[in-house]
1. Filter segment A:82-120 down to the residues that are surrounded by 23 or more Cβ atoms within 10 Å (Cβ to Cβ) and not in a helix (DSSP H, G or I), then identify the one that is farthest from the chain's Cα centre (by Cα).
2. What pairs can you find where one residue is in segment B:298-310 and without any contact (Cβ under 8 Å) to a residue 12 or more places away in the chain and closer than 9 Å to B:GLY137 by Cα, the other is hydrophobic (A, V, I, L, M, F, W, C) and part of a helix (DSSP H, G or I), and their Cβ atoms are less than 6 Å apart, with a gap of 6+ or different chains?
3. In segment A:177-199, which residue that is surrounded by 16 or more Cβ atoms within 10 Å (Cβ to Cβ) and in contact (Cβ under 8 Å) with a residue 40 or more places away in the chain is nearest to B:ALA311 (Cα to Cα)?
4. Tally the residues that are within 21 Å of A:ARG46 (Cβ to Cβ) and basic (Lys, Arg), restricting the search to segment A:80-101.
5. Would you confirm whether or not segment A:370-391 contains a residue that is at the interface with chain B (Cβ under 7 Å from one of its Cβ atoms) and either within 30 Å of A:GLU146 (Cα to Cα) or in contact with a strand residue (DSSP E or B) (Cβ under 9 Å, 6 or more places away or on another chain) (or both)?
6. Which ones in segment A:314-355 are in contact with an Asp or Glu (Cβ under 7 Å, 6 or more places away or on another chain), assigned to a loop (DSSP other than H, G, I, E, B) and more than 8 Å from chain B (Cβ to nearest Cβ)?
7. Those residues that are among the hydrophobic types (A, V, I, L, M, F, W, C) and more than 13 Å from the chain's Cα centre (by Cα), I need them from segment A:190-212; list them, please.
8. Select from segment B:1-46 the residues that are outside any helix (DSSP H, G or I), within 11 Å of chain A (Cβ to nearest Cβ) and crowded, with 21+ Cβ neighbours inside 10 Å and list them in ascending order.
Protein chains: 2
Amino acid sequence: MTTPLRVGVAGLGTVGGGVLRLLRDNAEIVAAHAGRVITVTAVSARDRARDRGVTLEGVRWHDDPVALASDPDVDVVVELIGGSDDPARALVFAALAAGRPVVTANKALLARDGVALAVAAEASGASLRFEAAVAGGIPIIKTLREGLAANRIRRIAGILNGTCNFILTNMRERGREFADVLADAQKLGYAEADPSFDIDGVDAAHKLAILAALAFGRAVDFAAVHVEGIRQVSALDIAFAKELGYRIKLLGIARRTEAGVEQRVHPCMVPENSPLARVDGVYNAVVAEGDFVGRVMLEGRGAGAGPTASAVVADLIDVARGRCAPVWGAATERLSALPSVPIGAYSGAYYLRLMVLDRPGVIADVAGALRDAGVSLESMLQHGRAPGEAVPIVLVTHETRESQMREAVDRIERLESVLERPSVIRIEHG
Amino acid sequence: MTTPLRVGVAGLGTVGGGVLRLLRDNAEIVAAHAGRVITVTAVSARDRARDRGVTLEGVRWHDDPVALASDPDVDVVVELIGGSDDPARALVFAALAAGRPVVTANKALLARDGVALAVAAEASGASLRFEAAVAGGIPIIKTLREGLAANRIRRIAGILNGTCNFILTNMRERGREFADVLADAQKLGYAEADPSFDIDGVDAAHKLAILAALAFGRAVDFAAVHVEGIRQVSALDIAFAKELGYRIKLLGIARRTEAGVEQRVHPCMVPENSPLARVDGVYNAVVAEGDFVGRVMLEGRGAGAGPTASAVVADLIDVARGRCAPVWGAATERLSALPSVPIGAYSGAYYLRLMVLDRPGVIADVAGALRDAGVSLESMLQHGRAPGEAVPIVLVTHETRESQMREAVDRIERLESVLERPSVIRIEHG
């Protein structure tokens with residue numbers, strides 16, 4: 001048995017507390033896998049008084065988290081403060097500059113500063129690990145970086161935000177509207193008081209940018225991710241999805257096309273018998289499609305103290321064993337120069353739901369607008385009749401370019417008998 | 001860029017050919033992830049003349065595979081001969097004894113000689129990797145050994161044999177009997193001419209023994225795996241399963257109980273909405289349940305040249321990067337002494353299907369036999385009437401000990417109006 005690995009933990013919220021409890025409860029299992037004892041020697045957090053269910057006796061307390069980067073009794077820094085700004089950012093860069101390995105769950109920082117972090121890690125030879133940054137306890141970072149490393153990845157698609165998946169699942173199961181279910185989710189602690197980071201897709205976009213960089217061996221490019229959230233998804237669309245054999249999921253999708261790499265986060269219609277359609281509630285899942293391996297899917301809990309602590313400590317075990325891997329799977333000088341493809345170049349099938357005045361000629365007008373934009377229809381659905389009143393019409397298109405679809409929607413919206421902005425949801429194979 | 005990693009491949013069948021093609025087609029991706037070029041310098045196979053779709057020009061040919069262990073131009077040996085006997089066994093031990101890392105897909109050898117192999121690897125400091133031995137391209141070995149290494153695993157359950165899953169899926173979808181579907185599978189190349197290794201559960205048992213050793217940090221104990229195959233599964237049972245809301249799957253299950261570790265491979269009734277029930281055809285999947293991470297599931301193609309080559313080369317990339325891990329996740333001296341629990345101590349719910357003569361008093365006799373063995377019934381199902389003829393009766397029990405169930409079945413079988421050996425299938429939560 002070699003000397004213990006001494007850990008400094010910055011941030012003792014839900015995840016930090018979980019890490020301390022795991023290292024205490026599973027100390028023997030962790031030591032067996034790590035080949036040495038892993039022990040917390042220093043911490044930093046805002047509130048000294050808070051009860052975290054774990055004794056901090058004998059552990060050094062730093063008021064300034066950045067001090068962990070230079071604490072002589074710390075071998076590895078665990079950053080669980082979060083956010084892409086200081087002090088999290090300053091701490092991670094300071095530790096890497098000092099040649100000290102860093103384990104973090106900070107997806108925002110990685111999505112925004114991923115390349116600079118890799119350069120800093122390479123300059124000092126320190127490792128930077130972030131299994132907990134994406135999909136909680138699911139080992140998707142290790143899987144893309146090591147497990148599937150022999151493959152040319154064609155596509156990844158994932159349910160990356162548990163809050164959105166919980167809301168969409170509840171809307172479907174109980175036939176309720178978004179706002180009602182969001183309020184419930186907030187009461188249950190599955191959504192934040194300010195939920196915009198989750199429900200507007202930003203959190204999923206951070207995670208997708210990280211996965212895409214690993215999958216395609218290129219510099220992380222968060223700015224190029226097309227992002228739409230779930231605020232516009234209505235109970236009516238969910239009911240139509242069911243009727244058409246689909247489920248609505250917020251997916252993060254990155255795809256290698258002839259033009260480069262497409263990255264997008266938005267609600268999707270996925271066939272109800274596809275693997276991602278079945279992933280409900282707070283579960284996350286990621287599908288990766290590789291040229292040799294085919295389709296692989298990983299599913300598990302995407303958040304929470306336990307799963308996230310599991311991921312953080314797995315990274316610590318790798319550090320303890322001296323297992324190294326470049327931050328983005330390959331050395332930064334070997335990352336590919338594949339360009340990002342804008343959403344306008346996207347091509348696929350679309351679901352389009354209109355509210356129209358039920359009167360003669362409406363369908364002809366809508367069909368004409370689609371024709372004029374070069375969009376071809378696969379099917380149309382209208383239930384019942386209510387002459388002179390508002391009724392929904394659902395259209396499913398054949399494969400269409402995004403730019404054409406936008407033109408069609410603009411034309412349709414200008415029609416006199418179309419009553420509100422059409423609901424547009426892309427159809428994805430799951 | 002450091003020097004190339006020189007690979008010697010023993011066995012150039014389907015998988016060996018796949019490895020050669022992957023290393024050629026994805027050379028750049030592999031080199032970026034490995035930090036160096038990976039190149040095949042020597043091979044050994046039975047048939048020199050066979051076209052494998054890859055040139056072997058400039059590659060040294062050994063008639064004796066064991067010679068790869070001492071070839072001075074080989075840094076790492078890839079063993080794809082298969083089987084727990086020589087020459088595969090001799091080659092792996094010779095390479096480890098020479099301190100040369102080994103990558104293998106040989107589940108039979110690992111299941112039977114796993115501890116001796118780990119001791120040999122530790123003695124010389126060579127690494128032994130076997131991602132391709134279980135579940136093809138799914139990185140389940142790395143996930144258990146590294147990704148979930150912080151957890152106390154409570155249970156693993158998996159669909160580990162693609163041939164069986166293909167047969168059971170086809171029986172269900174097309175309402176056909178086992179023998180017919182097996183014949184089709186043989187024509188399609190999804191089943192061997194002698195299919196017993198797959199359909200009798202031996203292949204799944206090898207894989208389960210390997211997964212259980214990793215999950216529970218103990219010496220592999222293949223002899224303790226309770227094994228039943230799928231020959232006895234009838235179209236009638238599959239139809240009843242559907243009616244009861246279940247699907248029949250051949251699962252490998254290892255569970256930590258108060259008494260130790262339970263390992264079993266047998267057909268199971270799993271609820272149709274459980275994740276494993278949805279895994280159809282040639283796909284494999286493994287569920288792991290850990291104390292911190294909760295339930296994680298991995299799904300993908302369990303066999304074939306592409307997925308298996310993906311796993312072999314991922315191991316080679318780990319070797320190239322110098323990433324090390326003990327064979328069974330922890331040093332052999334740290335493996336736990338948890339005992340194996342015999343199947344007689346298993347406890348769970350059972351599906352029981354009888355063929356009886358439809359005459360007064362039969363149900364009373366059966367119910368009496370169950371009562372006398374201490375088995376309590378949850379439900380009973382009988383369709384239609386056919387006085388004086390054979391009819392099926394289905395019984396579902398509450399949780400029952402295996403030993404009691406066996407006694408009950410013996411009693412029932414002796415009843416005069418029971419016409420054949422009852423069909424008994426354990427119910428599992430999936």
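The numbers here are math on the coordinates, done by the rules we state, and not lab data. Computed from a predicted structure; not experimentally measured. Note: ideal-geometry Cβ built from the backbone for every residue, glycine included; neighbour counts use all protein chains shown.
1. Looking at the filtered set, the residue picked out is A:PRO101.
2. Listed by first residue and then by second, the contacts come to nothing, as the list is empty.
3. Looking at residues that are surrounded by 16 or more Cβ atoms within 10 Å (Cβ to Cβ) and in contact (Cβ under 8 Å) with a residue 40 or more places away in the chain, I get A:TYR190.
4. Selection size over segment A:80-101: 1.
5. Pass one, segment A:370-391, residues at the interface with chain B (Cβ under 7 Å from one of its Cβ atoms): none.
Checked against the condition, which is being at the interface with chain B (Cβ under 7 Å from one of its Cβ atoms) and either within 30 Å of A:GLU146 (Cα to Cα) or in contact with a strand residue (DSSP E or B) (Cβ under 9 Å, 6 or more places away or on another chain) (or both), segment A:370-391 yields no hits at all.
6. A:TYR346 - this is the single residue of segment A:314-355 that is in contact with an Asp or Glu (Cβ under 7 Å, 6 or more places away or on another chain), assigned to a loop (DSSP other than H, G, I, E, B) and more than 8 Å from chain B (Cβ to nearest Cβ).
7. Step one: filter segment A:190-212 for residues among the hydrophobic types (A, V, I, L, M, F, W, C), giving A:191, A:193, A:197, A:199, A:202, A:204-205, A:208-212.
Result: A:ALA191, A:ALA193.
8. Hits for segment B:1-46 are B:ASN26, B:ILE38.
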